[in-house]
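Remarks on the structure that follows.
The values are calculated or read from the model by the stated rules, or taken from the named source; none is laboratory data. Since we're looking at a predicted model, the values are computed, not measured. Glycine also receives a Cβ, built like all others from the backbone with ideal geometry; neighbour counts cover every protein chain displayed.
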Amino acid sequence: MKAATIGPEFGNDHLKIVERDMPSIGNEDVLIHVEKGGLNPVDYNLINGRLIYNISPLPHVPGTEIIGTAVTSGRLINKGDQVIIYNRVFDGTCDKCITNREHLCANGGIWGVITDGGYQEYVSVPEKNLFKMEDYLDEDVGASLPVAGLTAYHALKRAGARSGESILVYGASGNTGMFIVQFAKIMGLHVYGVSRNEWIRSFGCDEVFYRKSVPQDLTADIVVNSLGSEFWEEASRHLSVSGRLVTFGIQTGKDASFDISKVYSRETAIVGSTGGTRKDLHEIISIARDHQLRIKKFREYPLTELKQALSDFQKGHEGRILINMNR
Ligand SMILES: [Zn+2]
């Protein structure tokens, strides 16, 4: 079968498309014929050796956001079912797991980072990580739920988003941004988006601003800055009293400073969020039954053009980049 591999040397130039043996299937596993996956910062950074997590094994198959079709049956998943892969490795026994926080498992990590991922034709995955693709889910949306959708939804829950509140989203038209906008609207928030791309308005933004045109006096109950250092100071400035500043990414750097006195005197909460739980993913799939979720797609690349996809990812792209394993 075809697979993309990277390491022990990193960088786009070291990425290879190779022939590999089929994966071995564990007792609790289901063999999946991979259809497509998303390309996210975590994958890009892994391939370029810039990830904050340890990578195993090496050489490594990247790809953390995947859908496919079951080739074998499990207890509830039947051969032929189309499935979404929940991308956390977890033991199910530590204190985080038994309190429904398996994404923080003491003995786990990100599937596709601490294990081989899904930029290959077949993967073998524990059945507890599989969710059925419902008929009402668009395939491209399904392939965007394990990272982009889940990160967005979990972050809003962590921030305690409530109907009637307002939210200001930096990077509103990005991978996670387009889901934050949609979920926030569904939850009944007033949504301000910061983006160059006017199309994000149709995803549920009440108002869209270019970065430099956010009104000075605009404040929001929740401000999402998934872009890191460069946006930290201005994002903080738009927080209302009792506001929550949400972060889950460091695209422009990981260092920030802030005025501690403003944090306590205005009762600011700084909310970190990473991935999400299986319960979150289950809830998202339920939400999609009543509310049409969508993505904007930039392009879908065959696995053999992964290098081109990575290059375009770096150059900047309007909408999601998807990788098709069968073209
Ligand atoms: Zn655990």
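Report yes if some residue within the range 188-204 is under 24 Å from I287 (Cα atoms), hydroxyl-bearing (S, T, Y) and modelled with pLDDT of 95 or more; otherwise report no. Taking every residue of the range 188-204 in turn, at least one turns out to be under 24 Å from I287 (Cα atoms), hydroxyl-bearing (S, T, Y) and modelled with pLDDT of 95 or more. Of all residue pairs spaced 6 or more apart or on separate chains, those with beta-carbon atoms under 7 Å, a first member in the range 299-325 that is within 22 Å of K2 (Cα to Cα) and in contact (Cβ under 8 Å) with a residue 12 or more places away in the chain and a second member that is acidic (D, E) and assigned to a helix (DSSP H, G or I) are I321/D312; L322/D140.
Taking the criterion of being assigned to a loop (DSSP other than H, G, I, E, B), surrounded by 22 or more Cβ atoms within 10 Å (Cβ to Cβ) and hydroxyl-bearing (S, T, Y), would at least one residue in the range 103-121 satisfy it? For the range 103-121, residues assigned to a loop (DSSP other than H, G, I, E, B), surrounded by 22 or more Cβ atoms within 10 Å (Cβ to Cβ) and hydroxyl-bearing (S, T, Y): present. For G38, the stated conditions hold: it is under 23 Å from S273 (Cα atoms) and more than 16 Å from the ligand (Cβ to nearest atom). Number of residues in the range 288-303 that are over 23 Å from N197 (Cβ atoms) and surrounded by fewer than 17 Cβ atoms within 10 Å (Cβ to Cβ) equals 3. Against the numbered list (1) within 16 Å of the ligand (Cβ to nearest atom); (2) farther than 29 Å from G7 by Cβ; (3) within 16 Å of the chain's Cα centre (by Cα), W111 comes up short only at (2). Here A235 meets each of (1) within 18 Å of the chain's Cα centre (by Cα); (2) assigned by TED's automatic domain parsing to the domain that holds A161; (3) not in a loop (DSSP other than H, G, I, E, B) with one exception, condition (1).
Taking the range 80-98, which residues are surrounded by 15 or more Cβ atoms within 10 Å (Cβ to Cβ) and in contact with a strand residue (DSSP E or B) (Cβ under 8 Å, 6 or more places away or on another chain)? Within the range 80-98, D81, Q82, V83, I84, I85, Y86, N87, R88, V89 meet the criteria.
In the range 151-180, the residues that are farther than 15 Å from P41 by Cα form Cβ pairs under 9 Å with partners that are in a loop (DSSP other than H, G, I, E, B) and at pLDDT below 95, at six or more places apart or across chains, as follows: A155/S226; V169/S226; Y170/S226; Y170/L227; I180/S226. Only a single item in (1) in a strand (DSSP E or B); (2) surrounded by fewer than 17 Cβ atoms within 10 Å (Cβ to Cβ) is not met by T274, and it is number (1). Only one of the listed residues (I55, I84, I77, I98) is touching a Gly at 6+ places or on another chain (Cβ under 9 Å), under 25 Å from D140 (Cα atoms) and among the aliphatic types (A, V, I, L, M). That residue is I84.
Looking at V223, is it buried (at least 17 other Cβ atoms within 10 Å of the Cβ), in a strand (DSSP E or B) and aliphatic (A, V, I, L, M)?
yes
Among the residues of the range 9-57 satisfying the criterion of being in a loop (DSSP other than H, G, I, E, B) and aromatic (F, W, Y), which is nearest to the chain's Cα centre (by Cα)? It comes out as Y53. Of the residues screened, I77 is not one that is surrounded by fewer than 20 Cβ atoms within 10 Å (Cβ to Cβ), assigned by TED's automatic domain parsing to the domain that holds N27, more than 16 Å from T277 (Cα to Cα) and within 16 Å of the ligand (Cβ to nearest atom).
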